[in-house]
1. With the requirement that a residue be in contact (Cβ under 8 Å) with a residue 40 or more places away in the chain and out of contact with any helix residue (DSSP H, G or I) (no Cβ under 7 Å at 6 or more places or on another chain), what does region 252-267 give you?
2. Let me confirm something: among Lys326, Lys260, which residue is among the basic types (Lys, Arg), out of contact with any strand residue (DSSP E or B) (no Cβ under 7 Å at 6 or more places or on another chain) and surrounded by 15 or more Cβ atoms within 10 Å (Cβ to Cβ)?
3. Mind checking which residues of region 278-305 are surrounded by 18 or more Cβ atoms within 10 Å (Cβ to Cβ), modelled with pLDDT under 90 and within 30 Å of Gly74 (Cβ to Cβ)?
4. Mind listing just one residue for me: the one in region 168-214 that is outside any helix (DSSP H, G or I), modelled with pLDDT of 80 or more and of a type outside the set (A, V, I, L, M) and, of those, surrounded by the most Cβ atoms within 10 Å (Cβ to Cβ)?
5. Scan region 223-230 and give yes if some residue there is surrounded by 16 or more Cβ atoms within 10 Å (Cβ to Cβ), at pLDDT 80 or above and either farther than 22 Å from Leu283 by Cβ or touching a Pro at 6+ places or on another chain (Cβ under 6 Å) (or both), otherwise no.
6. Would you point out the residue of region 310-323, among those that are among the hydroxyl-bearing types (Ser, Thr, Tyr) and modelled with pLDDT under 75, that is surrounded by the fewest Cβ atoms within 10 Å (Cβ to Cβ)?
7. Looking at region 78-101, which of the residues that are out of contact with any Phe, Trp or Tyr (no Cβ under 8 Å at 6 or more places or on another chain), part of a loop (DSSP other than H, G, I, E, B) and not β-branched (Val, Ile, Thr) is surrounded by the most Cβ atoms within 10 Å (Cβ to Cβ)?
8. Applying the selection to region 55-74, what residues are more than 18 Å from Ile126 (Cβ to Cβ), more than 10 Å from the chain's Cα centre (by Cα) and either without any contact (Cβ under 8 Å) to a residue 12 or more places away in the chain or not in a helix (DSSP H, G or I) (or both)?
Amino acid sequence: MLKLLSSVINHSIIITILVFVMMLLVDYLNVITKGNLANMVKGSKLQQYTIASFLGSTPGCLGAFMNVSLYVHGVIGFGAIVGGMIATSGDESFVMLSMFPAKALALFAILFLLGILGGWLSDIIIKLLRISPCKKCGLQKIHLTEEKKPFKPFDLYGFRKPSTGRYGLIILFVAVIVLNLAGIWGPQSWSLSEPDRIILLSLSIISVAMIATASEHYLKKHIIAHIVKKHIWKVFLWTFFALLFIEIGLRYWNLEEFVKENMGLILIISAIIGLIPESGPHLVFTIMFASGIVPFSILLTNSIVQDGHGMLPLFSYSVRDSLLIKVFNLVFGLGIGAILFFAGF
């Protein structure tokens, strides 16, 4: 049992480190493109579906938050926000990239296309059913950041500032690099067919460079206050318990046989769990897919219905619209998933 726990903890730490770095890279890209996305979205409904789905299909929940902000301010319509949420797979997307990168990218591409299709269908359906979503509210504002003026995320002299958080994170990633190169901890294969070690070392070096040169504001507000305090510890805990559940299930309960005998039920459960507006519970299906226990159709179903915690800001704006989106995505996800499931995917 101790050996199992040790293996699960090590695997969870590796995944969490990879997720942290990818979150950092996505957050940086989000910051440097701030202010230009709204102008890109304005246009035809097809353009709205495309941009909203693209934002949703980017790793994490930042794209979903942007879609909510655009919807609240009347920049995009109901169909676009539905499509964006279909394409969103929350923080689980980072875990997918760390566990099965090629298949994860294929999944994101499929979700992007399904987001466009789902957005178009939802607009047709609400028109036929004469459902009127909420209109633009000039008083409601959901901000992605609290910045009043542009700032530079990075400062070449940032490492000179004596910040405990800065040096603590640098020491952490330097330790990861040293322990891995010394063969003490982490993946050890240099094979391109098993690139975990190459990816871990590369991203760790990038992290050291980004953290060392981050401006004090970006370090405190974006890296520590947002990524570390709000996301990373949750990613670690959910990953740990999901991996532990799978490992114990495979070793002591014959989980694989149970799942295969009840695959149709698991498909429905994956969709229902997808209704939870939070990143974490969905990791069970991600890890079961990575372990070969469930087929792609079940992972896709869960990914369509769930949107991480990207929906939470919209609940504060309109519970009715949020529920409409969730119901549509549930039906859409089960429909697409069932078709692929019975087709053998």
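1. At the first step, the residues of region 252-267 found to be in contact (Cβ under 8 Å) with a residue 40 or more places away in the chain are 263-264, 267.
Within region 252-267, Met263, Gly264 meet the criteria.
2. Working: Lys260 fails: surrounded by 15 or more Cβ atoms within 10 Å (Cβ to Cβ).
Going through Lys326, Lys260 in turn, the sole match is Lys326.
3. The one that is surrounded by 18 or more Cβ atoms within 10 Å (Cβ to Cβ), modelled with pLDDT under 90 and within 30 Å of Gly74 (Cβ to Cβ): Ser279.
4. Trp185
5. Yes, because at least one residue in region 223-230 is surrounded by 16 or more Cβ atoms within 10 Å (Cβ to Cβ), at pLDDT 80 or above and either farther than 22 Å from Leu283 by Cβ or touching a Pro at 6+ places or on another chain (Cβ under 6 Å) (or both).
6. Per the criteria, the residue is Ser316.
7. Checked region 78-101; the qualifying residue surrounded by the most Cβ atoms within 10 Å (Cβ to Cβ) is Asp91.
8. His73
The values are calculated or read from the model by the stated rules, or taken from the named source; none is laboratory data. Since this is a predicted model, take the numbers as computed values, not measurements. A quick note on method: Cβ atoms are made from the backbone with ideal geometry, for glycine too, and the neighbour counts reach across all protein chains shown.
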